[in-house]
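One structure is given below, encoded as C-alpha cells.
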Amino acid sequence: MKLFNRCLLLLLILISCFHSPLQAQVQSKKITIVTLPKHHARISYGVQKLTFALKNAGYLVTERPYKGALPSGNTIIVGLLTDASIKKLAGSPNNQPGKEGFIISDNGLKNKLLIAGADNSGALYGCLELADRIDLNKKLPVNINLHDQPEMVLRGTCIGVQKPALLPARGTYEYSYTPQNFPWFYDKVLWIRYLDSLAHNRMNSLYLWNGHPFASLVRVKEYPYAVEVDDATFKKNEEIYSFLAEEADKRGIWLIQGFYNIIVSKPFAEKNNLKTQDRNRHIVPVIADYTRKSIAAFVEKYPHVGLLITLGEAMEGVGQDDIDWFTQTIIPGVKDGLKALGRTDEPPIVLRAHDTDAPAVMKYAKPLYHNLYTMAKYNGEALTTYEPHGPWADLHRTLSNIGTVQIENVHILANLEPFRYGSADFIQKCVQAMHTVYGANALHLYPQASYWDWPYTADKTDGKRLLQLDRDWIWYKAWSRYAWDSKRDRASEINYWSKQLADKYGCDQAHGEAILKAYEQSGNISPELLRRFGITDGNRQTMTLGMLMSQLVNPEKYGLFSLLYNSEGPVGEMMSEYAEKEWKQQSHIGETPVKVIDSVIVQGEKAVEAIDEASAQVTKDKVEFARLKNDMYCYNAMANNYAYKAKAALWVLRYKYSDNVADLEKALPELQTSLDYYKQLVKLTENTYLYANSMQTKQRKIPVGGNDAKMKTWAELLPVYQKELDNFKRNIDSLKSPQTQQKQKEVVVLKDALVRFENSGSSSYQVKAGEVVFSDTAAAIKNIAKELAALKGIKLSKGDQQKNGTTISFKNDRPVKVLVGFFNSKMPQYLPEPQLETDASANDFGQADIKIANAIQIDGLPPVNIHTYTFKAGSNKLTLGKGVALILGIVDADANVPVYDAGLSNEGNIKDLRWLFN
Ligand code: GTR
C-alpha cells in the first residue's frame, strides 16, 4: 500500500511538472480559420485541406465565419481580394495576383495570417500552398509575404474512357459508358483520390476521351433510339457524371468531354442504315442534325462541362467538311444548348489540330464563337525532345498566333510505355519549349503509360494491380509543377526533387539525389532513341519492344513518319543520311546516330550506377523501389540493345555503297551483342510486366503487328530477333560462297480473281508496259514489277478521283485482295497512303503496309507503292478518299503478294536491304 502511495505521488509530481508547458504549448497552437460567409465550395475545399495539415502538425483548429471582427488569438483569414475587408487586410499590394493567383501574408498583421485569392481558385491554391508548407515544416510559417499565380492558364490531365482492344463489332474509340466496359468509372472513392491529387498538383482541367459519349449521357427528343445504354445504366451515368463535374469544380477543375467526328451510336447507325463511323463519308444531314442536337442536349444538361473536339479520324480527310462541321454543327449545337438555358456566356470549346487544318477551321470559327482554344500534340504520340523545330513547330506557332490559347498535348507516350519516367529536368525543359518555341500557354497531359488501360499500370504484381495514379506520381507532379512555373531555378529544383524522393523512400537527401539522377539519366534514353532511330512518333510503334534490323536500315519501307525527323528532335541526321555522308566523306550536322549510340550507353550505365548507390539506403516503400530499380536496369538493357543494333545497321548501310561483304561481317558481332542485351530485357521484364504497350489492336505495327493482343511482351518478340540474326548469318554465308549463292527466287505472277464489277462505265486495262492508266490522260506505264504483269487494272478518271474520290463495287465468291497503287508524293492531288498517325482505321482492311514499293514507273508521275485491301466473300465496296490512285487488280486473298522493293522510280533505283534479314 505504501509503495502504491509513493508511486502515485511520483506520478502526480511528474504530471504536474509537465502540465504547465504542455498547456502553454496547446494554447499557442490553437488557431481559428475565418472565412467569409457564403463562400465558394472551392474555398471550403481549400480550408478543409488546410485544417487537415494544421491538425497533423498538432494545431487545434476551429473554423468560423467572419462577422465584422476578427478573433483575438491566432487566426488565418481566407477570402477573395475582390472583397473589401480582405482587400483592406492585404493593404494595397502593388503586384495584385492575376487569375488563379493568391497572396499569403502576415505582413503587419500580428498574430494573423491572410490568404487572399484573386478568385475562388486563387483562394483555394493559397490554402493548398500554406498546407504544403505546414506539411513540410510541421509549423505555420512566420514573416511570410508570398504572391503567386500560375503561368499556364490551363493545366490538365486526361483519362481515356477507352480500352486496350476493340469491342466486338465496334470501331475504334467506340465504347459506351457502362459498368461492364469501365467498372472504374463508377468508383467514387477512386475519383475523389484522383481529383484530390489533381488539385494537389494545382491542375485545373480534366479531359475525358471517348469517340461518341453522347449516346451514354443524353437523350435527344427527336432521336430517342440513339441512346446505347439501358435505363439503369443511363441513370447511373447521369449520377456519376454530375458527381464528377461537381467534385471537379470544387477543386477548381474544369471537366472537359472529348469526342471524335463523325461517330454515331450503334442503334442510331442501324436505324438509319449507316456505319457508326466511316473515314470516307461526307457530311450526312441526319447525322449533322443528330450531332447538333446531342451537343445541345449535353450543354443543357452539363453546362459546366467543356468540349474537346477532334475533327477527324472518322470524317473525310482535311478540307471543307471539317470547317462546315465545326461551324455549322458543333458551334450551333453548343449555342442551342446555351439558348435553352438562357445563358449568354460561352463555355470553352477546344479544337484539336489532329487530322484537320486547324488554322483554317479557326479562321471561320472565330467570328462565330469567342471562347475557343486550340490543342496540338507536343511531340506526336511520344516524348522525344525539348528542342522541337521544323514544320510541326510552325503549326504550333501559327495556332498560338491566332490569339486564342494554344494547349500543348503531351499525347500517348508510345516510347515511354511501360517503364517509369520521372526526369524533372527533361520535363521542365519541355514546358519551357512549349512557351518559348511554340508560344503556347496551356498543358494537356496524358498518363505516362498504359493510357488505354486506365486506371492500371502494366506492372505484374502478386496481388492487386498498381494504379497509374500512385505509380506515376512523379510524372504528374513534375509536369504540373512546371506548368505552374517553368522558370524555377535548376539548383533549387534538384533540392526539391531530391527531398521528395528522399521522403518517399526514407533515405537522406544525398541518396534522394541519386534516385533523381537515375530518373534523369534514364529520362533521355527513350526520347533520343526514338527521334534518331524510330519509324514514327505514333503509337503504332512500341519502342521499348525493340526494332527489326530491316526497320533500322530501310525505315522508309515501314511508313516512315517524317515529322519525327524534321520536327521532333534537335537538328540531326537519320542513319541513312549519316551512312551516305560517311561514304562520301562529307561532314555531319547536328545530332548524329553515333552521338546517340554513345550517349544512351553512357546514360544507361549512369542510371544503373545511381540507383544502385541509393539502393542500400532505402528504408521505405521498398517494393516500389525495387520496381523502380528494375526499370533502370531495363532502360540500360534497352539502350544497349538499340545502340549495338544501330552500330550493326550502320555497317549494313555502308555495305549499300561498298558492296563489300566484309562490312556485313563487321555488323554481325554488334547484332549478336544487341540480342544479348535484348535477352537481358526479357529476363528483367518476364516477371515484372504484363505488357509493353496498352494499345493491343492491329493498329500496332512496329516492331511487329499487335493483332489480337499478341506480341506485346519482350519474351514473345525474342524468337523474332533470334531469327533475324540467324537469317543474317545465313545470308552472309550465301553471299560469300558463290556456289551456294541464293537461287533467283521464282517470280510470283499474280492472277486476277473471279470478281463481278458493279461499277458502271469503268473499263479495264492490262497492267503492262505501254498501257495508259487513266481514262482522261495519256500517262502510260514505262516499267512494272514482274508480279503485276498479268493483272487487269481498272481505268479511272484522274480528274474524277481528285474531285470525288474512288468507289469500286464488286461481288466475289471467295475472299479477295484489291491491289491499290499509291503515288509516293505529298502533293495534294494524290491520295495519301494509309497513315495510322492520323487515321486509326487505316489498317481495317490490312492496307497499312506497303507490299511492293516502287512497283511502277510512269513518266512524269511519282513512283507507285502497292498496298492491298482484303475483303470477305460477298458484295463489297472499296471506298477511297479524294486523290489520284491506281486500282491494279483484284487477286485471291491467299495469293502471295511479295513484300519487296521493285526499285522502279524515275529517280533511279533505291537499294532495299531487307532481304538480308529474311
Ligand atoms: C491516332 C492514334 C490514336 C489516337 C489518335 C488521336 O493516330 O493511333 O491512338 O491517339 O491518333 O490523336 O486522337
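Derivation of every value follows stated rules applied to the coordinates shown; laboratory data play no part. The structure presented is a predicted model; accordingly, all values stated were derived computationally and were not measured. Cβ placement follows ideal geometry from the backbone for every residue including glycine, while neighbour counts extend to all protein chains displayed.
The THR461 and LYS221 beta-carbon pair, evaluated with R₀ = 56 Å, returns a calculated FRET efficiency of approximately 0.70. Look at the Cα gyration tensor of the range 778-835: its axes a ≥ b ≥ c give a/c of at least 1.5 with a/b at or below b/c, and that counts as oblate.
FRET efficiency for the pair ALA715 and ASP676, taken as 1/(1 + (r/R0)^6) with r the Cβ-Cβ distance and R0 = 22 Å, rounds to 0.90. Antiparallel beta bridges, as assigned by DSSP with both residues in the chain, represent about 45 percent of the total such bridges.
The residues neighbouring PHE810, those whose beta-carbon lies less than 14 Å from its own, together hold a net charge of +3 under the Lys/Arg +1, Asp/Glu -1 convention. The range 185-221 and the range 286-327 have Cα centres separated by 19 Å. In this rough spin-label picture, where each label sits 7 Å from Cα along the Cβ direction, the SER72-TYR496 distance is 4.2 nm.
A straight line joining the Cα centroids of the range 579-594 and the range 814-891 runs 35 Å. Sorted from longest to shortest, the spans of the Cα atoms of the chain along the three principal axes equal 114, 66, 57 Å. Here the gap between ASP345 and LYS138, fully extended at 0.36 nm per residue and compared with their Cα-Cα distance, gives a gain of 70.1 nm. Under the simplified labelling scheme, the GLU605-ASN181 pair shows an inter-label distance of 5.1 nm, with each label point 7 Å from Cα along Cα→Cβ. In the chain, taking the dipole from charged Cβ atoms about the Cα centre, the farthest positive-side position among ALA314, THR536, SER265 is held by SER265.
Under the convention that each Lys and Arg Cβ holds +1 and each Asp and Glu Cβ holds -1, the size of the dipole of the chain around its Cα centre is about 1900 debye.
With contacts taken as Cα pairs under 8 Å at a separation of at least 6 residues, the range 245-371 carries a relative contact order of 29 percent.
Pulled fully out, how much extra length does the chain show between GLN586 and VAL284, if you take 0.36 nm times their separation in residues and subtract their Cα-Cα distance?
103.1 nm
Fully extended, how many nm does the chain gain between ARG193 and ARG756 (0.36 nm per residue separation, minus their Cα-Cα distance)? Result for the pair: 196.7 nm of gain on full extension.
Under 1.5 on a/c is rounded, so check that first for the range 689-794, then, if it is not, pick prolate when a/b is larger than b/c and oblate when it is not; a ≥ b ≥ c are the square roots of the alpha carbon gyration tensor eigenvalues. It comes out oblate by the Cα gyration axes. Averaging Cα coordinates gives a centre for the range 476-518 and one for the range 678-700; these two points are 29 Å apart. For a paramagnetic label modelled at 7 Å from the Cα of SER85 toward its Cβ, which residues of the range 56-71 fall within the zone defined by backbone nitrogen distances under 14 Å? So the set is 64-71. Can you tell me how the range 755-917 classifies by the Cα gyration tensor, rounded, prolate or oblate, using a/c under 1.5 as the rounded cut? Rounded is the answer for the range 755-917, as its axis ratio a/c remains below 1.5. Between VAL623 and LYS803, the C-beta separation translates, for a Förster distance of 51 Å, into a calculated FRET efficiency of about 0.20. Which entries of LYS30/LYS67; LYS701/LYS751; LYS768/LYS798; LYS49/LYS235; LYS30/LYS139; LYS236/LYS339 have Cα-Cα distances beyond 22 Å here? The answer is LYS701/LYS751; LYS49/LYS235; LYS236/LYS339. Look at the alpha carbon pairs under 8 Å that are at least 6 residues apart: their mean separation over the length of the chain gives a relative contact order of 8 percent.
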